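Data block below; observations after.
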Amino acid sequence: MKEVMAFIRTNKVNRTKEALANAGFPAFSCRPCLGRGKKSLDATVLNYIMESGELPVSKAGEAFTETARLIPKRFFSLVVEDEQVDLAVKTIINVNQTGNPGDGKIFIIPIQETYKVRTGENLL
């Protein structure tokens, strides 16, 4: 079994939930989170700051502070059989891919053990 962890845009939550359910993945968790990617800093902004010693009140200044800003995202987690990983990943990508930075990230993690809380039964 594997855990599929996906960080996506907040405006894609409902379509993602619907697509996962339609693809045969009705069981998942979803929660709000904050984060950021690897967006790089414009060198001209950095040069301005180094020369002037202050942040400009402009789009350039806003771009500089963007590196410290956390962006609202949604975190999806679902546990699937090994042979279902590709379908789950493709389903999430199909709904969330816009071709722009910030579309999200998906991570796949192996599940070592699984227990049913009610009975204590090991499910693997």
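On the stretch given as the range 96-109, residues that are assigned to a loop (DSSP other than H, G, I, E, B) and of a type in the set (A, V, I, L, M) total 0. Give me a count of the residues in the range 75-103 that are open to solvent by 40 Å² or more (accessible area, probe 1.4 Å) and either within 19 Å of residue 1 (Cβ to Cβ) or touching a Phe, Trp or Tyr at 6+ places or on another chain (Cβ under 9 Å) (or both). Result for the range 75-103: 8. Which of (1) free of Cβ contacts under 8 Å to residues at least 12 places away in the same chain; (2) open to solvent by less than 60 Å² (accessible area, probe 1.4 Å); (3) at negative phi is the odd one out, the single condition residue 111 does not satisfy? Checking residue 111 against (1) free of Cβ contacts under 8 Å to residues at least 12 places away in the same chain; (2) open to solvent by less than 60 Å² (accessible area, probe 1.4 Å); (3) at negative phi, the one that fails is (1). In the range 59-70, the count of residues that are surrounded by fewer than 15 Cβ atoms within 10 Å (Cβ to Cβ) and at pLDDT 75 or above is one or more.
The values are calculated or read from the model by the stated rules, or taken from the named source; none is laboratory data. Just so it is clear, the structure is predicted and the values come from calculations on it, not from any experiment. Positions of Cβ are generated from backbone atoms using ideal geometry, with glycine treated the same way; all protein chains shown enter the neighbour counts. Each accessible area value is taken on the protein alone, full model and side chains, heavy atoms only, with ligands, DNA and RNA left out. Shrake-Rupley method; radii C 1.70, N 1.55, O 1.52, S 1.80 Å.
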